[in-house]
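Asks: Got a structure here, written out as structure tokens. Questions coming.
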Amino acid sequence: MKMSIGKWVVAGLLTASVASANLLLNPGFETGDFTEWNAGGWYAGSEGDAHSGTYGGSYYVAPDQAGGSYFILDQAVDVVEGQKYDASCWMRFAGTANNSEQFMEVQWLNGLGEIMWGNGVGTTPVSGPQEYTQFSLNEITAPVGAAAASVRAVVHTTDVTSDNAWHTFDDFSFAASIPEPTTIAFLGLGLSGIYLFRKKKTMR
Ligand SMILES: [Ca+2]
């Protein structure tokens, strides 16, 4: 009987950690392609293009590319409205640049799969060369009416470029935020209650 209570507690803790698992599939492009993603014009670069593993997702901006263009790599995952989520990825900007930038954004989709413009959130754009750096959007809340999140790598040309630039992304994560501290405290109270219960039984 004691053993079964112990197993139940362990099972409960395991369930709590599994709830924060990465919801994205092929998050680091290790299939060597964009399986599970939408990626027109992007390529899976190897070796130095990878933050971890073998591949990263890249977009190349060439000289004289028109301004005002967006090049997007995205994947949609189901969400629960009102739930908080954490998103992150690693970004690298290589080459030379004047008028291109890259950032990660999350757009919410309604039940019809349409973007709910105005509810999304993005990281500060990176507009010059940098080594792989992690960017995060923490505790973003799925708004009322949201059925899915579109997790997006965005490359944007702000004006006609003289760029010779590679915008690369790797190791995306999108997961439900961990429980609030109050929830953890409540969980702790529950565990100590079980401990007292067991101790009392042992003393008899
Ligand atoms: Ca990778």
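Asks: For segment 25-177, what is the Kirkwood hydrodynamic radius in Å, using each pair of distinct C-alpha atoms? Can you show the working numbers first?
Replies: Details: mean 1/r = 0.0641 Å⁻¹.
The Cα-based Kirkwood calculation yields 15.6 Å.
Asks: Apply the Karplus curve 6.51 cos²θ - 1.76 cosθ + 1.60, θ = phi - 60°, to the phi angles in segment 83-92 and return the couplings in whole Hz, x for Gly and Pro.
Replies: Result, rounded to whole Hz: 6, 8, 10, 10, 10, 7, 7, 10, 10, 10.
Asks: Ok, one more. Tell me the net charge near Thr161. Cut-off is 12 Å between Cβ atoms, Thr161 excluded, with +1 for each Lys or Arg and -1 for each Asp or Glu.
Replies: Local charge sum for Thr161: -4.
Asks: Just to confirm a number: summing +1 for Lys and Arg and -1 for Asp and Glu over residues other than Gly53 whose beta-carbon lies under 10 angstrom from that of Gly53, what do you get? List each step's numbers first, then the result.
Replies: Working: positive: none; negative: Glu30, Asp170, Asp171.
Here the count lands on -3.
Asks: Towards the positive end of the charge dipole of segment 25-177, with charges on Cβ (+1 Lys, Arg; -1 Asp, Glu), say which of Ser150, Asn110, Pro27 has the farthest Cα.
Replies: Farthest towards the positive pole: Asn110.
Asks: So what's the gap between the Cα centers of segment 137-175 and segment 71-123, to the nearest angstrom?
Replies: 3 Å
Asks: While we're on this one: For every other residue with a beta carbon closer than 11 angstrom to the beta carbon of Val106, add +1 if it is Lys or Arg and -1 if Asp or Glu, then tell me the sum.
Replies: Residues near Val106 contribute -2 overall.
Throughout, read-outs are computed from the coordinates displayed, never taken from laboratory work. Everything quoted here is computed from the prediction, not taken from an experiment. A quick note on method: Cβ atoms are made from the backbone with ideal geometry, for glycine too, and the neighbour counts reach across all protein chains shown.
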